[in-house]
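Rule-based calculations on the coordinates, nothing more; no lab input. The model shown is predicted, which means the values in this text are computed figures rather than measured ones. Methodologically, a virtual Cβ is constructed for each residue, glycine included, from the backbone with ideal geometry; neighbour enumeration extends over all protein chains shown.
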Amino acid sequence: MGSLDPQEMERVRAHVEGCLSCRSELQRINADLGILALSVKEEVPPPVVRQRLLSEISSTSSTGARKRTGPAWAWKLAATVAGLLFVLSTLLLIQNTQRRISLENTNRSLEAQIRKLQDETREAREINEVLRSPESIRVTLTPLNATPQPAVQAVFFKERRRIFVVASHLPTLPLNNVYQLWIMPESGNPISAGIFTTNIKGDAQVLLPEIDSGTNLKGFALTREPGRGSPQPTSKPILAGNIV
């Protein structure tokens, strides 16, 4: 009847060959089946039945295929989505890190610019106070025994003990030299008020450091000094002027 698999069929065949009673019974059953087959009238099924059977087989096959392929497709989709989410998360992390670093650099740059502007504003305010204060004394330095083209104006702000220097048309300095302004006291040696350099036109505007409050001014002198200046003048003054 075809209900046994090949291994079971082989075991039955081996037993029947060695068992006389089983072999006789098997022969009787086969004979009865042959008679039964001959006694049944063969009928051809209608086309509608055949078509319905084929449709059921096709539907069952498709459903089975979907059931078999569905889970694999779902796992592949889930793995793809997980991979895309991981890549997207990584890109967002990199982008956020770069943006944070850029913002930090921008903040540091802005803070440095703000500090610079504050320093420049403070210095400009002090210069304005020096120039506008009625307590300021203006002394114009002119060349000694020379054509009075180069000029230096020293504005002394007595309240803050600061000197603002405006120089114009000074000779070009040799390499590693500076101009040094000297305070000429009522008595004693000259006192350094500070050093400065000029642009290529020989012009300069500089606010010199605060001087000693105990200094009594008689006037100013300007010399050319080596390096970062000298404790005492090393050359004759280029310009000089007294407080009137």
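Computed values, structure above
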item	result
Loop trypsin sites (Lys or Arg not before Pro), the stretch 175-244, which have at most 12 other Cβ atoms in a 10 Å radius of their Cβ (DSSP)	Lys201, Arg228
Per DSSP, loop GluC sites (Glu not before Pro) in the stretch 97-166 with at most 15 further Cβ within 10 Å	Glu135, Glu159
The stretch 108-117 - phi-based ³J(HN,Hα) in whole Hz, Karplus 6.51/-1.76/1.60, Gly and Pro as x	4, 5, 5, 5, 5, 5, 5, 4, 5, 5
Simple label model, 7 Å out from Cα along Cβ direction - Ile137 to Lys236, nm	2.6 nm
Residue order, fewest to most surrounding Cβ atoms within 10 angstrom, among Ser187, Ser102, Ser192	Ser187, Ser102, Ser192
J(HN,Hα) series, the stretch 174-180, from Karplus relation 6.51 cos²θ - 1.76 cosθ + 1.60, nearest Hz, glycine and proline x	x, 4, 6, 10, 9, 8, 10
Residue order, fewest to most surrounding Cβ atoms within 10 angstrom, among Leu110, Leu207	Leu110, Leu207
Three-way shape call for the stretch 107-206 based on the alpha-carbon gyration tensor, with the a/c threshold at 1.5	oblate
3J(HN,Hα) from dihedral phi, the stretch 231-236, Karplus parametrisation 6.51/-1.76/1.60, rounded to Hz, x for glycine, proline	x, 9, x, 10, 8, 6
